[in-house]
1. Report whether or not ASP248 is free of Cβ contacts under 8 Å to residues at least 60 places away in the same chain, closer than 30 Å to PRO315 by Cα and open to solvent by 40 Å² or more (accessible area, probe 1.4 Å).
2. If you check every pair at least six apart or on different chains, which have Cβ atoms under 7 Å apart with a residue in region 167-180 that is more than 17 Å from ILE77 (Cβ to Cβ) first and a residue that is within 13 Å of the ligand (Cβ to nearest atom) second?
3. Cβ contacts < 7 Å: first residue over 12 Å from PRO371 (Cα atoms), restricted to region 106-135; second residue surrounded by fewer than 23 Cβ atoms within 10 Å (Cβ to Cβ) and aliphatic (A, V, I, L, M), any location; separation 6+ or different chain. Result?
4. Checking SER176 against (1) under 24 Å from LEU348 (Cα atoms); (2) hydroxyl-bearing (Ser, Thr, Tyr); (3) in contact with a Ser or Thr (Cβ under 8 Å, 6 or more places away or on another chain); (4) open to solvent by 30 Å² or more (accessible area, probe 1.4 Å), which single condition isn't satisfied?
5. Among ASP23, ASP7, ASP58, which is the only one that is assigned to a helix (DSSP H, G or I) and at pLDDT below 95?
6. Kindly indicate the residue of region 116-148 that is assigned to a loop (DSSP other than H, G, I, E, B) and crowded, with 24+ Cβ neighbours inside 10 Å and also nearest to the ligand (Cβ to nearest atom) among those meeting that condition.
7. Under the condition of being of a type outside the set (Gly, Ala, Ser), in a loop (DSSP other than H, G, I, E, B) and within 16 Å of the ligand (Cβ to nearest atom), which residue from region 239-291 is nearest to ASN225 (Cα to Cα)?
8. Name the single residue, out of those in region 370-391 being part of a loop (DSSP other than H, G, I, E, B) and of a type in the set (D, E, K, R), that is most open to solvent (accessible area, probe 1.4 Å).
Amino acid sequence: MSSDPHDPAPAAETAPGAHPTPDADAARLIEALADPVELTARLCDIPSVSGDEARLADAVAGVLAHISAGPGPDLDIHRDGDTVVAATRLGRGERIVIAGHLDTVPIEDNVPAERRTLDGAEVIWGRGACDMKAGVAMQLCTAAALRSPERDVTWIFYDHEEVEAELNGLGRVARSHPEWLAGDFAILGEPSNAGIEGGCNGTIRIEVTTEGVRAHSARAFTGVNAIHRAADILTRLAEHTPDTVTVDGLEYRESLSAVGIHGGVAGNVIPDACTVVVNYRFAPDKSAADAEAHLAAFFAPHPIRVTDSAEGARPGLDQPAARAFIDAIGGEPQAKLGWTDVARFSALGIPAVNFGPGSPLFAHKADEHVPCAEVESASADLLRFLEPARSAPEAPAR
Ligand SMILES: N[C@@H](CCC[C@H](NC(=O)CCC(=O)O)C(=O)O)C(=O)O
């Protein structure tokens, strides 16, 4: 295999209908290591909905082995499930951890990726484009371009970020190999318009349940309809205006939404139970326990049951490591409204920020896309931060 990202091995041919081998996937990615935009599209073309990341993790592990064998620093590469970690061992005084998740929310007829022009700007359109295959492309292209970084770097690519907190690959690694996450500062390549988003909102998912009495629907007056009772829950949600909370100078907009509802026994039975699934995104001035107490009061007297929760993170932008990154990248930091693993690093005592191409406003949407210019600028900025003496490889003409 060639050791130069600019002179990669040719991608292997795959028979129509057959699954490409890990080597063929890796070779297609290696071909694009000097072009983060093309690499974003190729990463999107390897589907990786949460729980199904193995094929992409295999390919990324192959790419990292290729990079390690090249002209840049050697990488210590480790794997735990579908999380791949690659670390330089240059003996520098500081270590930067740069992490991105491999999984996406479910596909909505938006894979394979397409190049489109939107309002005059070139974009990569497809599931995962902004959340966060463009961030993963930024990581891999920067890893390939590094020669002698000023700080040691740990690259992390992990599984199961978009689902219940207990499945999160980074959480698993924090339990099984905490030493892999060690560092002085962490950057999460989540979409942030190629600028910095500080901290993150917390998230809690609950079930709010109403009860009734089953009956024949031809004699509904003999029962109590639990679905009708749920109207009270839905009305409270529809009429609620969520708060915007300023934390350490950044504005965290909260959300309180029904994200599911189930109930019903049969087409001729009055239902005796109805469950509304509610997701509350709470500002990082609150703990998950505060959020639960808030919801219990909001929905009383209906009982609530917590099914999943993850604490938010305060921005922590006054920490020296974060300050140095903000100075290098420029721009005015914003608040991260989604939940990200910045919270996990903050809980581990490692200051962390979100920095990646793409607008979070398109994350999880059917029209998910990422502007090509942001993929290029974020990759160039990250390389400049890690190795000021180097500039990004010139983007190929498109
Ligand atoms: N355990 C959490 C995980 C949800 C993570 C997800 N994160 C993002 O979408 C980050 C992108 C962004 O907002 O910029 C989320 O916030 O839903 C859960 O299940 O809720």
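1. Answer is no for this residue.
2. These pairs meet every condition: LEU167/HIS160; ASN168/HIS160; ASN168/GLU161; GLY171/ALA165; GLY171/ARG344; ALA174/ARG344.
3. Filtered contacts from region 106-135: PRO106/VAL49; ILE107/VAL49; GLU108/ALA366; ASN110/ALA366; ARG127/ILE107; ARG127/VAL111; ASP131/ALA363.
4. In the conditions (1) under 24 Å from LEU348 (Cα atoms); (2) hydroxyl-bearing (Ser, Thr, Tyr); (3) in contact with a Ser or Thr (Cβ under 8 Å, 6 or more places away or on another chain); (4) open to solvent by 30 Å² or more (accessible area, probe 1.4 Å), SER176 misses (3) alone.
5. Result: ASP23 is the single residue among ASP23, ASP7, ASP58 that is assigned to a helix (DSSP H, G or I) and at pLDDT below 95.
6. GLY128
7. By that ranking, first place goes to PRO242.
8. The extreme case among them is ARG390.
The values are calculated or read from the model by the stated rules, or taken from the named source; none is laboratory data. Since the structure is predicted, the reported quantities are computational estimates derived from the model, not experimental observations. With ideal geometry, Cβ positions are generated from the backbone for all residues, glycine too; neighbour counts draw on all protein chains shown. The protein model used for the area step is the full one, side chains on, heavy atoms only, and it has no ligands, DNA or RNA in it. Shrake-Rupley method; radii C 1.70, N 1.55, O 1.52, S 1.80 Å.
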